[in-house]
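Structure first, then comments.
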Amino acid sequence: VQLQASGGGLVQAGGSLRLSCVASRSIFSFNDMGWYRQAPGNQREYVARITGGGITDYADSVKGRFTISRDNAKNTVALQMNSLKAEDSADYYCYAAGSSHVYWGQGTQVTVSS
């Protein structure tokens, strides 16, 4: 499966962005989908995940500001990011975890100006 991430851009601190990750086929079989991010010089870090049943989990750093959702009919996982901070600036990567393989999308860049 191929994952296409989009929605990144430049935004001022306090603003919002919505990232989307569209899969090339049905995501019904992926019980674990989500987002990681990587800032220059840093390791990739976990942001959020959502199960097939809609259970969500977030990194403490984004809890209360980011919301992850999935639409199986549209093969899409989205990340609504509100109250953005400069430290949220990074390349954001979506993933889909299958039974034996993890698929990654290309990054979409988010830059938050302070």
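The values are calculated or read from the model by the stated rules, or taken from the named source; none is laboratory data. Just so it is clear, the structure is predicted and the values come from calculations on it, not from any experiment. Here the Cβ positions follow ideal geometry from the backbone for every residue, glycine too, while neighbour counts run over all protein chains shown. Protein only, heavy atoms only, side chains kept; ligands, DNA and RNA dropped before computing areas. Shrake-Rupley method; radii C 1.70, N 1.55, O 1.52, S 1.80 Å.
Of (1) closer than 24 Å to residue 15 by Cβ; (2) not in a strand (DSSP E or B), residue 69 satisfies all except one. Which?
If we test residue 69 against (1) closer than 24 Å to residue 15 by Cβ; (2) not in a strand (DSSP E or B), just (2) comes out false.
Kindly indicate whether residue 96 is open to solvent by 10 Å² or more (accessible area, probe 1.4 Å) and either touching a Gly at 6+ places or on another chain (Cβ under 6 Å) or not polar (S, T, N, Q) (or both).
No, not satisfied.
Quickly run through the range 1-30 and pick out the residues that are open to solvent by 90 Å² or more (accessible area, probe 1.4 Å) and touching a Ser or Thr at 6+ places or on another chain (Cβ under 9 Å).
2, 4, 10, 12, listed by residue number.
So is residue 37 closer than 23 Å to residue 9 by Cβ, open to solvent by less than 70 Å² (accessible area, probe 1.4 Å) and of a type in the set (Lys, Arg) or not?
Here the answer is yes, as residue 37 does meet what is asked.
Answer yes or no as to whether residue 61 is hydroxyl-bearing (Ser, Thr, Tyr), surrounded by 13 or more Cβ atoms within 10 Å (Cβ to Cβ) and not in a loop (DSSP other than H, G, I, E, B).
No.
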